[in-house]
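Down below is the structure, laid out as structure tokens.
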Amino acid sequence: MNLTSRIQPEWLLPIRPKGVLHVNHDLILQGSEILEVLPREEANARYPKAPCLMLPGQILMPGLINCHGHAAMTLLRGYADDYSLFEWLNNHIWPAEARVVSPDFVETGAWLAATEMIQSGTTCAADSYFFPEATVKGFQRVGIRSQITTPVIQFPSPWSGSEAEAITKSLAFFEWADQFPRLTQGFAPHAVYTVSDLGFTQVQKHAEALSLPIHLHLHESSAEVQQQLSETGERPIARLKRLGLLSDLLQTVHMTDLDDEDLDAIAPYRIGVAHCPESNQKLGSGICPVAELTRRGINIGLGTDGAASNNDLDLFQELRSAALLAKVSQLDPTALAAIDTLEMATLGGARFLGLEQQLGSLEPGKQADMIAVDLSDIRHQPVYHPTSQLTYTATGQDVTHTWIAGELLYANRQHNRSDLAALRASIQDWQSTINRLT
């Protein structure tokens, strides 16, 4: 039997209807779902005996959705900073990964990432990395919801020796992963410069047959675009169009260097964009044209990318960066408002993952993936507009409670699943190993 309980915050931000902020309202939780959002007096009358969690000074809102990351790379946080994208990859990250990446490495890194995300307000994360089964195991230690996509790359990697082997392993992973209720799957061909035409067409064939997404780094920098032009005579999006990959299944990541032809090519499809502003800034990769994508009706979610290129997984900091970058790149302070940025980090992320019917807003019938954010601290005062405080002053450290599917995984800033002592010991072991081998 699913027990009914009440959550009683100072403010309640449902995200939908847009622009609504409730005061003196309670959320009624039943099992894994939101049953109702009611004025407090009505909740008192209808649910007088339901257990009630009171959250004075706090705002209840949907959990944040991280649309792109490489969870295991938390173990490489700070390992190689202050390099451009290709120097960072070719001379530092890929050589280190070749020496240390294993299932145990991935499980510990994913465990660390999920713990960090849960305590900073992320309830669902899209991830792609080697040994995806190990990522699932790491995430299971914490209970986070996820989309796990399998890496397809034409060069030998720690997980596969070729594109064909990566696709075969991907298909086996999808069958195995069906047992996990908080998990969806997909393919992750790495990028246009690491996947062949044949690799892309094989991924597309299987993705269409299985109705699975294709998660792809695309137009990450002008250097990537110029490299493709010099090698193939095509911009990356033009190549994907020729191969038939432009479809509603495609989830694009970064998208910093786009011209009108690129935008015209993707506009007819429900292609989502994962905007990773802090990683793009740190690597000097460019700025995603959020205003123009939005004007053309293209859905945008937010991602942190991996902690090796960010260096944290705090989506509150990410959404502030997104808002400020949009304003300065357009020289327009109205380019991305606080509420629009919050929607991008919640419902926009749910749309990106194809989960908008289950996640992204506090509505009856949706999964109870929620967070409570404390706005009572002195650095938030005075609170004229709570949505502005969330966007421009809050960080993940203000999160006090995190629920996924109605399960309280983080309460009063304490983890209910993740064993922090064991996690710290494993992290220290891996740091010693990485220092020794790289």
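Is it the case that the range 19-31 has a residue that's in a loop (DSSP other than H, G, I, E, B), over 26 Å from Phe139 (Cα atoms) and at pLDDT below 95?
Within the range 19-31 (the criterion being in a loop (DSSP other than H, G, I, E, B), over 26 Å from Phe139 (Cα atoms) and at pLDDT below 95), the answer is yes, since at least one residue qualifies.
List the number of the failed condition for Leu64; all other conditions in (1) surrounded by 24 or more Cβ atoms within 10 Å (Cβ to Cβ); (2) free of Cβ contacts under 8 Å to residues at least 60 places away in the same chain; (3) more than 18 Å from Ala308 (Cα to Cα) hold.
All conditions pass for Leu64, except number (2).
Going through Arg351, Arg379 one at a time, which residue ends up being among the charged types (D, E, K, R), open to solvent by 10 Å² or more (accessible area, probe 1.4 Å) and closer than 30 Å to Gly186 by Cβ?
Sole residue among the options that is among the charged types (D, E, K, R), open to solvent by 10 Å² or more (accessible area, probe 1.4 Å) and closer than 30 Å to Gly186 by Cβ: Arg351.
Give me the pairs, please: first residue somewhere in the range 12-31 and in contact (Cβ under 8 Å) with a residue 60 or more places away in the chain, second residue anywhere and open to solvent by less than 50 Å² (accessible area, probe 1.4 Å) and small (Gly, Ala, Ser), beta-carbon distance under 6 Å, and either six or more positions apart or on two chains.
Pro14/Ser361; Ile15/Ser361; Arg16/Ser361; Leu29/Ser5; Leu29/Ala368; Leu29/Gly406; Gly31/Gly406
Can you tell me which of (1) within 24 Å of the chain's Cα centre (by Cα); (2) in contact (Cβ under 8 Å) with a residue 12 or more places away in the chain is the one Leu89 doesn't meet?
(2)
Any idea which of Ser361, Ser309 is open to solvent by less than 10 Å² (accessible area, probe 1.4 Å), modelled with pLDDT under 95 and touching a Ser or Thr at 6+ places or on another chain (Cβ under 8 Å)?
Ser309
Among (1) modelled with pLDDT of 95 or more; (2) more than 29 Å from Ile34 (Cβ to Cβ); (3) open to solvent by 80 Å² or more (accessible area, probe 1.4 Å), there is one condition Asn435 misses while meeting the rest; what is its number?
It is condition (1) that Asn435 fails.
Search the range 135-156 for residues being open to solvent by 10 Å² or more (accessible area, probe 1.4 Å) and touching a residue at least 60 places away in the same chain (Cβ under 8 Å), and hand back the single one that is farthest from the chain's Cα centre (by Cα).
Arg141
The values are calculated or read from the model by the stated rules, or taken from the named source; none is laboratory data. The structure presented is a predicted model; accordingly, all values stated were derived computationally and were not measured. Glycine also receives a Cβ, built like all others from the backbone with ideal geometry; neighbour counts cover every protein chain displayed. The accessibility values were calculated without ligands, DNA or RNA, using every heavy atom of the protein model including side chains. Shrake-Rupley method; radii C 1.70, N 1.55, O 1.52, S 1.80 Å.
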